[in-house]
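Values quoted throughout were computed directly from the atomic coordinates according to the rules given, and no laboratory measurement underlies them. None of these values were measured; they are calculated from a predicted model. Heads up, the Cβs are rebuilt from the backbone with ideal geometry, glycines too, and the neighbour counts pull from every protein chain shown.
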Amino acid sequence: MHAASQIRNLAIIAHIDHGKTTLIDSIFRAAHVFRENAHVDERVMDSNDLERERGITIRSKHCTVEWKDYLINIIDTPGHADFSGEVERVLSMVNSVLLLVDANEGPMPQTRYVLMRALSFGLRPIVIVNKADRPNADPSGALDKTFDLFVELGANNEQLDFPVLYGSGLEGWIVSDLDEYQKEEREREEHLADGGTLSPALLKELADAAMNDLFETIIASVPAPQVDQDAPFLMQVSTLAWSDYIGRIGCGRVLAGALKVGDEVQRITTRHLEIGDPDAGWEFTGASSARVTHLWVTHGLENREVEEASAGDIVWLAGPDDITLGDTLASPELEAADVALSPLEIEEPTVSMFFLVNNGPFAGQDGRPATLRQIKDRLERELRVNVALRVEDLGRPDGVKVSGRGELHLAILIEEMRREGLELCVSRPEVITHRDSKGKLLEPMEQLIIDVPEEYQGTVIQELSLRKGELIGVEATGTGLVRLEFTISTRGLIGYRNDFLTETRGLGVMSSRFTGYGPWKGDLPGRERGSLVSQTGGEAAGYSLENLQNRAVLFVGNMTPVYEGMIVGENSRSDDMLCNPTKRKALGNYRQSTKEIDTGLKVPREITLESALEWIADDELVEVTPKIVRVRKHILSTEQRKKFEKRGADA
């Protein structure tokens with residue numbers, strides 16, 4: 001067990017894809033966390049299959065490394081804006097952060113958010129200019145922009161005097177003097193070019209020393225936890241986990257004293273006076289007693305059960321029932337109301353959709369059709385650890401309303417449910433609105449940053465202006481790209497990502513972050529193209545599809561099973577078009593009957609979960625199964641849809 005003075009607790013924060021998880025891989029190698037001959041996957045901290053496939057961190061992860069006599073606790077945090085609440089809660093457990101900035105892109109929207117929160121906690125970041133070895137890298141420019149961002153966010157003098165490191169997390173080197181490192185690299189390359197060699201001992205020495213500057217900076221610049229080992233036990237729960245055998249598990253940093261398995265603790269609860277407004281203050285709401293049944297601390301990547309933990313340690317514990325984020329856990333000898341800690345801010349949802357029972361004709365063919373009770377049970381399990389999620393039962397017999405931080409936040413949950421074998425239908429995402437004290441309607445707003453080739457900037461600006469986006473700034477990056485900054489409503493971004501990729505031929509990059517609520521922007525243009533709706537069931541026929549593809553973009557191919565009300569393509573016009581994709585040509589002799597096999601069909605457009613959620617209209621649903629994603633009308637029957645539309649028109 002390490003003394004508090006030998007412990008360093010820090011988090012790695014950055015915009016998405018700026019290299020946090022890859023840097024941790026290199027830290028593990030430098031600290032010899034794994035055996036020399038052990039096979040270790042890349043991005044080892046992204047243990048979830050979805051994280052590996054998408055290349056993003058969804059939930060924060062804890063790990064520890066030992067360097068010399070020090071124990072370094074590192075928390076890898078998500079970089080996507082939809083999971084920003086994870087970052088904020090993690091910051092309550094650490095004493096500093098490693099802020100990664102891409103040497104080419106510089107600070108991005110999520111960089112601003114995570115840095116703002118770190119500064120507000122009084123932390124002094126260590127800045128790492130990552131990917132400094134890339135061809136278009138501009139480390140000095142990225143550092144200047146980062147310093148300007150510190151100033152803009154109101155950093156104090158101590159925070160402005162931040163340590164700076166340069167390197168490549170992918171290649172496994174971090175240095176304090178980039179010029180000197182590059183000079184030594186050139187000398188080694190010239191030596192090899194002249195026929196020289198580098199001994200295995202020298203290569204190992206260089207590899208072992210490649211991260212020394214990082215470790216030394218962490219030890220020198222990150223404060224040790226300021227704790228009182230002799231005081232009564234005190235900690236706050238900052239992260240949650242769940243075990244089917246043990247129940248809910250809480251994680252946090254021990255602020256004072258020590259804790260043993262079997263000790264009695266108080267679980268102290270608090271709440272904000274105004275939901276969603278931490279500035280309104282908070283109050284103590286109660287306390288209850290429980291015994292600690294399990295204790296874990298992290299070693300490398302594994303949680304190991306221990307009998308005791310002390311001040312400065314980051315621990316996981318089980319025992320108190322219904323433990324939740326922000327709870328204060330304290331020794332029974334303390335007065336609960338006096339030691340209660342301020343509740344942690346839990347981000348409010350901005351987007352909602354309905355999770356519905358799959359009532360389509362193909363229900364049960366690909367997976368396990370979920371009943372309403374099964375959907376509710378699965379969402380109840382998710383609520384145990386996913387505190388940014390909200391579930392409302394509005395009395396519908398076929399589904400519930402689910403709200404989250406954004407489209408990706410909800411799409412990840414849907415993807416996890418389908419991989420568990422469940423089938424369900426989900427509706428188009430809708431933004432959550434509020435009214436201010438004067439009754440004025442407010443909607444969620446976002447900061448949008450777009451990097452796009454110069455020839456496409458006009459198209460992007462025009463499209464976003466139609467979506468009520470406001471252009472804030474234009475910056476030429478010097479690499480043929482232009483950076484555009486907009487303020488736009490979340491509603492204006494729904495359905496735009498696919499159009500953006502089409503407009504920029506896949507060469508543009510966009511990222512956004514929620515900034516707060518602003519005045520309602522009024523009506524926005526809807527989807528420009530209608531749906532191609534099947535009015536019959538069966539197998540799609542090449543003969544029919546060949547005729548339809550001249551007037552629509554198809555979602556299905558030859559022999560694909562379809563049903564009445566299923567959407568089989570995107571119409572070239574703005575209105576919906578009924579069709580019969582199963583119609584076959586009247587066949588005569590053998591020569592004619594084989595002709596249809598060779599029809600010149602185009603490859604159908606692939607429908608993914610995210611693209612379907614963005615594309616569908618208000619009267620349409622996404623049918624999600626373990627094997628396939630379909631889009632369909634909410635009312636499948638053609639006749640019933642006509643009657644419903646007529647009643648709406650009459651009303």
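The figures follow:
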item	result
Debye intensity ratio I(q)/I(0), log10, segment 531-650, q values 0.17, 0.23 Å⁻¹ (C-alpha model)	-0.85, -1.37
Positive-end extreme of charge dipole, the chain - chosen from THR515, SER403, GLY367 (charges on Cβ)	GLY367
Distance (nanometres) between label positions extended 7 Å along Cα→Cβ at ASP377 and GLU308	4.4 nm
Inverse mean reciprocal Cα-Cα distance (Kirkwood Rh) of segment 277-423, Å	18.8 Å
VAL603, VAL629, VAL474 arranged by Cβ crowding within 10 Å, fewest neighbours leading	VAL603, VAL474, VAL629
Ascending count of other beta-carbon atoms within 10 Å, so fewest first, for LEU424, LEU214	LEU214, LEU424
Bins of 10 Å, starting at 0 and running to the largest distance - Cα pair percent for segment 234-339	15, 48, 28, 9, 0
Most positive-pole-ward Cα, ALA290, VAL622, PRO320, against dipole of the chain from beta carbon charges	VAL622
222 nm mean residue ellipticity, helices alone, for the chain (DSSP H n ≥ 4; -39,500 (n - 2.57); rounded to 500)	-7500 deg cm²/dmol
Kirkwood Rh in Å, taken over the chain so that all alpha-carbon pairs contribute	27.8 Å
Of LYS401/LYS468; LYS376/LYS438; LYS468/LYS627; LYS468/LYS602; LYS61/LYS438; LYS145/LYS401, those spanning more than 31 Å from alpha-carbon to alpha-carbon	LYS376/LYS438; LYS468/LYS627; LYS468/LYS602; LYS61/LYS438; LYS145/LYS401
Cα→Cβ-extended label distance, 7 Å offset, between ARG271 and LEU601, nm	5.7 nm
Computed FRET value (nearest 0.05) for SER572 with TRP520, which takes r as the C-beta separation and R₀ as 35 Å	0.65
Per-residue HN-Hα couplings for segment 436-441 [Karplus 6.51, -1.76, 1.60; θ = phi - 60°; Hz; x = Gly/Pro]	7, 4, 9, x, 6, 6
Efficiency of FRET from Cβ geometry, ARG505 and SER176, R₀ 41 Å, rounded to 0.05	0.50
Positive dipole terminus of the chain, leading residue within GLY141, GLY600, LEU123 (C-beta point charges)	GLY600
Gain in span if fully extended, LEU441 to ALA193, counting 0.36 nm per residue against the direct Cα distance	82.5 nm
Segment 121-202: GluC sites (Glu not before Pro) falling in loop per DSSP and having at most 13 other Cβ within 10 Å	GLU171
Surface/4 of the Cα convex hull for segment 434-519, nm²	5.6 nm²
Computed E for ASP144/VAL391 - FRET, C-beta separation, R0 45 angstrom, nearest 0.05	0.45
Where GluC sites (Glu not before Pro) fall in DSSP loop in segment 511-547, at most 12 other Cβ within 10 Å	GLU528
Alpha carbon centroid spacing (whole Å) that separates segment 238-256 from segment 525-546	50 Å
Candidates per trypsin sites (Lys or Arg not before Pro) in segment 491-557, loop by DSSP, up to 12 other Cβ within 10 Å	ARG505
Two-site label geometry, VAL474 and THR293: point separation in nm, points 7 Å out along Cα→Cβ	6.3 nm
Least to most buried among TYR70, TYR113 (fewest other Cβ within 10 Å first)	TYR70, TYR113
